[in-house]
Amino acid sequence: KNIPFVHIDRQINIESLNFLGFDNELAIYRLTTHFLKNTNKKIALFVGKKSFSCEQNSVKGYIKAYNDCKIKYNKKDILHTLLNKEAGFRMSLQYLTHNKPDVIISTSKLVAGISESIAVFGYQENKDITVIAIDEDNWNILSDGRNRISIRRQAINIGNKSARMLCSQINSEEKFEPQHEMLPIKIYSPPNDIPHIIGKSKAKLNLLMLDTLQVELFKGRFLRKPQISTSA
């Protein structure tokens, strides 16, 4: 019907549409290759539904890394689940009952239930099992940096590019040629020791807070000599 349209992230089988996506295949390939070449460790991949193109590409990158490193992969180490915490928790509980991977790569941070299941089995995240998640950009880098390595899909960037692509199609007087583009995924390594960084600060911080349970969070947690008075 000649309606301007841009499809994002999950590709559908219509060639005449504009498409913008993230290069999940390359990101997973590089991560898997890195761990295989440097440590030759057991790597598990948690992905979403098989019907999603972005999840299919992630599996392709994982398998390609194993093939290029001439190492045989185990199909049981590729787990498809719903992209939510509860499903991730259930799936990882079942998997960890019979397996102990060194690295878990997840294609969504919503599968944060993996971290909970790791704790259930008494493992320490990033010490016993390294967990890496593909995620969207967040402003809260420090408080959200549980993973040593996280893969940032630049959601704002793809929104900007898709809007520009849509405007170009709307304003085009001639027949518009569909555009397909895969954006790179940024690898981000947050600080490893947040309390250590906070402890280095010598600045005095004055807090004015209501007398609530949240105040207990600050007492003696980050300050060596807490001097907190509450009112109201």
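Conditions tested, residue by residue: (1) at pLDDT 80 or above; (2) under 29 Å from Arg90 (Cα atoms); (3) open to solvent by 20 Å² or more (accessible area, probe 1.4 Å); (4) of a type in the set (A, V, I, L, M, F, W, C).
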{"residue": "Leu110", "(1), (2), (3), (4)": "no, yes, yes, yes"}
{"residue": "Ile114", "(1), (2), (3), (4)": "yes, yes, no, yes"}
{"residue": "Gly122", "(1), (2), (3), (4)": "yes, yes, yes, no"}
{"residue": "Ile132", "(1), (2), (3), (4)": "yes, yes, no, yes"}
{"residue": "Ala163", "(1), (2), (3), (4)": "yes, no, yes, yes"}
{"residue": "Ile170", "(1), (2), (3), (4)": "yes, no, yes, yes"}
{"residue": "Pro178", "(1), (2), (3), (4)": "yes, no, yes, no"}
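For segment 8-116, please list each of the helices (runs of 4 or more DSSP H) lying entirely inside it that holds at least 3 residues being under 24 Å from Asn157 (Cβ atoms).
Helices (runs of 4 or more DSSP H) meeting the threshold: 24-38, 53-68.
The values are calculated or read from the model by the stated rules, or taken from the named source; none is laboratory data. Here the structure is a predicted model, which means the values were calculated and not measured. We place every Cβ from the backbone using ideal geometry, glycine too, and count neighbours over all the protein chains shown. For accessibility, only protein heavy atoms count, side chains too; no ligands or nucleic acids. Shrake-Rupley method; radii C 1.70, N 1.55, O 1.52, S 1.80 Å.
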